[in-house]
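The values are calculated or read from the model by the stated rules, or taken from the named source; none is laboratory data. Model, not experiment: these values are computed from the prediction. A quick note on method: Cβ atoms are made from the backbone with ideal geometry, for glycine too, and the neighbour counts reach across all protein chains shown. Side chains are part of the model used for accessible areas, which takes the heavy atoms of the whole protein and leaves out ligands, DNA and RNA. Shrake-Rupley method; radii C 1.70, N 1.55, O 1.52, S 1.80 Å.
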Amino acid sequence: MKFTTNSYLAGLLILLLVACQPATQQNPATTAELIVTNAKIAVMDAEQTFAEAIAVKDGKVLATGSHTEIIALKGDSTKMLDAEGRTLIPGLNDSHLHLTRGGRFFNAELRWDGVKTLKRALQMLKEQAERTPEGQWVRVIGGWSPFQFAEKRFPTPAEINEATGNVPTYVLFLYSRAWLNKAGLEILGIDENTKAPEGSQFEKGPDGKLSGVLLAEPNPTILYARIGSLPPLSSDEMINSTRQFYRELNRLGVTSGIDAGGGGHKFPRDYTGTASLATAGEMPIRLSYYLFPQNKGAEYEEFQEWMANNEVGHNGEIHLDHGYELEGGGEFLAWSAGDFENFLAPQPLLEDRPTWRADIKRVIRLHVDKGWPFRIHATYGESIANILGVLEEVNEETGGKVAQLRWLFDHAETVQESELARIKALNGGIAIQARLAYAGEYFVERYGADKAKQAPPVKKMLEMGIPVGAGTDGTRVASYNPWPALYWLITGETVGGLGLAEAANRLSRSEALHLYTQGSAYISNEERVKGTLEKGMYADFALLSDDYFSVPEAQIKDIQSVLTVVGGKVVYGSGAYLSFNPPLPAVIPEWSPVKFYGGYQK
Ligand SMILES: [Zn+2]
């Protein structure tokens with residue numbers, strides 16, 4: 001081959017170009033900002049891939065793969081984390097959690113979540129009473145089961161009074177019953193003559209005197225009303241409380257949550273804690289929320305006003321996700337159509353309420369006409385069958401528009417196959433929660449062990465191809481901790497250890513995790529942007545304290561995160577990753593039980 005002057009010059013030029021290249025090839029488009037290596041990464045894609053390392057860029061997954069593959073994406077400024085062989089999963093997404101309300105009250109509440117003995121629970125009550133200032137209350141607001149205690153029983157009014165003395169105290173068990181101590185009864189002016197709302201009672205002892213126990217039978221208004229009358233936190237305390245609650249969720253590996261509104265929680269007035277974090281760009285969790293009407297009988301007007309002043313449908317738009325997105329209406333659309341999940345009391349029937357059908361139909365039609373997604377609280381198959389009749393009617397009247405909208409039922413503990421087929425026909429989804437993990441013993445007492453075997457029939461839902469999301473329904477009718485919920489999905493057992501679900505209705509660890517990640521993402525129309533760790537998905541993940549896929553089942557309940565990442569940013573770190581833990585203001589007020597006990601008790 002003959003070299004001309006030109007070929008020399010060309011050769012020289014190439015040499016020069018190569019020589020000028022820095023040591024490592026750094027194409028900005030493929031240079032990671034964060035790399036986690038030496039991990040057992042569950043990508044949770046359709047192939048159930050496990051990888052060794054993950055690379056993150058612009059808040060999204062750049063790649064997962066072997067150590068060698070991923071290390072090639074390292075640049076000079078890439079942050080490197082060694083997972084020390086730990087298991088890494090997509091961030092957990094609770095698709096039915098009362099986050100904004102939970103945050104609002106977290107610092108004021110003594111949590112019995114995870115407490116192992118009643119003795120310890122009463123000791124915490126006593127200690128909290130001693131530090132509670134004049135004018136404030138000791139309050140335990142749900143999230144526990146008497147069967148989690150070694151003693152397997154409720155506290156007695158005498159034990160609560162002995163522990164708390166003259167410090168007003170309110171202890172709530174799910175939406176079934178509550179205890180007011182003597183000081184509390186007095187402050188609220190409740191005596192033997194006080195009338196309880198219909199479908200509830202102030203329990204009296206054989207002497208005709210109030211015992212202090214409030215019973216929802218099944219109407220929980222008697223319980224809600226008391227919570228509403230307890231002194232609120234100040235605005236600063238509430239914002240701090242919201243921060244502490246979301247950090248607690250991050251500590252447990254939660255990176256997303258879908259808010260179902262809730263009683264005694266008015267939008268937008270009571271959402272300021274979360275709204276202020278979002279406005280400041282400080283949301284450590286991705287939160288979608290549904291709106292819950294507060295005015296019984298005027299729900300239609302409340303929704304009209306919300307729809308006139310707010311927009312939905314931005315979820316899934318990556319460029320917009322600032323972690324606080326309005327998604328639609330529910331979980332209640334009309335109070336008259338709400339069947340309360342109190343298994344210590346008879347099942348409420350919608351037929352007993354003359355206006356339920358007209359009430360919910362108007363509101364459903366409004367959502368369909370406005371194109372607003374919606375979700376509907378329904379515990380029992382009978383309620384679901386009734387409401388499906390309305391949905392099918394509206395779908396008919398609107399030329400199939402219900403089936404084109406993202407809509408779902410919540411809970412569905414006793415839904416039957418025939419109802420599942422009708423949900424499927426209308427393209428509906430279902431969000432299930434671990435409520436029976438906290439109330440399963442009472443469900444079996446009332447409905448029998450047979451009915452509990454398929455409550456809810458989650459395996460059947462999946463076999464029928466119905467989109468299913470998982471969660472807790474925390475913070476009152478269950479603990480907000482996702483791990484007891486995953487334990488329940490896998491073992492079919494309550495937190496008290498009672499077996500409920502039959503083997504055919506139990507999920508594998510991967511199936512359960514899928515529901516708690518991508519399954520839940522469906523509920524907020526975000527299954528295309530999060531829930532797996534495939535390339536391009538949000539870099540939301542948790543590095544776990546134990547290997548979820550191999551740890552003995554009983555220990556699944558106690559798993560936590562040691563490093564939680566949202567959008568490529570560390571939102572929580574402990575142990576070897578403590579130095580990455582973002583600063584958090586000290587808990588206020590001074591007497592807050594969270595300052596002394598934190599949240600979930602391991
Ligand atoms: Zn509900």
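Scanning region 479-512 for residues that are over 23 Å from ASP450 (Cα atoms) and within 16 Å of the ligand (Cβ to nearest atom) turns up SER479, TYR480. Candidates GLY330, GLY338, GLY371: the one that is within 15 Å of the ligand (Cβ to nearest atom), in the same structural domain as ALA431 (by TED's automatic domain parsing) and touching a Leu at 6+ places or on another chain (Cβ under 8 Å) is GLY330. Report yes if GLU419 is open to solvent by 10 Å² or more (accessible area, probe 1.4 Å), within 19 Å of TRP488 (Cα to Cα) and acidic (Asp, Glu), otherwise no. Against the criterion (open to solvent by 10 Å² or more (accessible area, probe 1.4 Å), within 19 Å of TRP488 (Cα to Cα) and acidic (Asp, Glu)), GLU419 does not qualify.
Scan region 244-261 for residues that are farther than 25 Å from LEU578 by Cα and either charged (D, E, K, R) or modelled with pLDDT under 95 (or both) and the total you get is 1. Counting the residues of region 218-271 that are under 18 Å from TRP335 (Cβ atoms) and within 16 Å of the ligand (Cβ to nearest atom) gives 13. Scanning region 544-602 for residues that are surrounded by 17 or more Cβ atoms within 10 Å (Cβ to Cβ) and small (Gly, Ala, Ser) yields SER545, SER561, GLY567, GLY568, GLY573, SER592, GLY599. Remark: pairs (first residue in region 344-358, farther than 24 Å from GLY448 by Cα and in the same structural domain as THR414 (by TED's automatic domain parsing); second residue surrounded by 19 or more Cβ atoms within 10 Å (Cβ to Cβ) and of a type in the set (Val, Ile, Thr); Cβ separation under 8 Å; 6+ apart in sequence or on different chains) = ARG357/VAL390.
The lone criterion from (1) under 27 Å from PRO484 (Cα atoms); (2) surrounded by fewer than 24 Cβ atoms within 10 Å (Cβ to Cβ) left unmet by GLU237 is number (1). Can we say GLN21 is at pLDDT below 95, in contact with a Gly (Cβ under 8 Å, 6 or more places away or on another chain) and not hydrophobic (A, V, I, L, M, F, W, C)? Taking the combined requirement at face value, the residue does not satisfy it. Within region 240-277, the set of residues being among the β-branched types (Val, Ile, Thr) and open to solvent by less than 10 Å² (accessible area, probe 1.4 Å) comprises THR242, VAL254, THR255, ILE258, THR274. Considering ALA378, ALA345, ALA358, ALA308, the condition of being small (Gly, Ala, Ser) and within 25 Å of the chain's Cα centre (by Cα) is satisfied by ALA378 alone. Any residue in region 445-453 that is open to solvent by 10 Å² or more (accessible area, probe 1.4 Å), within 21 Å of the chain's Cα centre (by Cα) and not hydroxyl-bearing (Ser, Thr, Tyr)? Taking every residue of region 445-453 in turn, none turns out to be open to solvent by 10 Å² or more (accessible area, probe 1.4 Å), within 21 Å of the chain's Cα centre (by Cα) and not hydroxyl-bearing (Ser, Thr, Tyr). Taken over region 56-76, residues that are closer than 9 Å to ALA539 by Cα and surrounded by 22 or more Cβ atoms within 10 Å (Cβ to Cβ) amount to 3. Go through the residues of region 518-526 one by one and say whether even a single one is more than 16 Å from the chain's Cα centre (by Cα), outside the structural domain of GLU109 (by TED's automatic domain parsing) and of a type in the set (D, E, K, R). Scanning region 518-526 turns up no residue that is more than 16 Å from the chain's Cα centre (by Cα), outside the structural domain of GLU109 (by TED's automatic domain parsing) and of a type in the set (D, E, K, R). The residues of region 321-368 that are among the aliphatic types (A, V, I, L, M) and open to solvent by 60 Å² or more (accessible area, probe 1.4 Å), listed by number, are LEU349, ALA358. Taking every residue in region 409-422 that is under 11 Å from ILE466 (Cα atoms) and pairing it with any residue that is more than 16 Å from the ligand (Cβ to nearest atom) and of a type outside the set (Lys, Arg), at least 6 positions away or on another chain, the pairs with Cβ-Cβ distances below 6 Å are LEU420/MET464; ARG422/LEU388.
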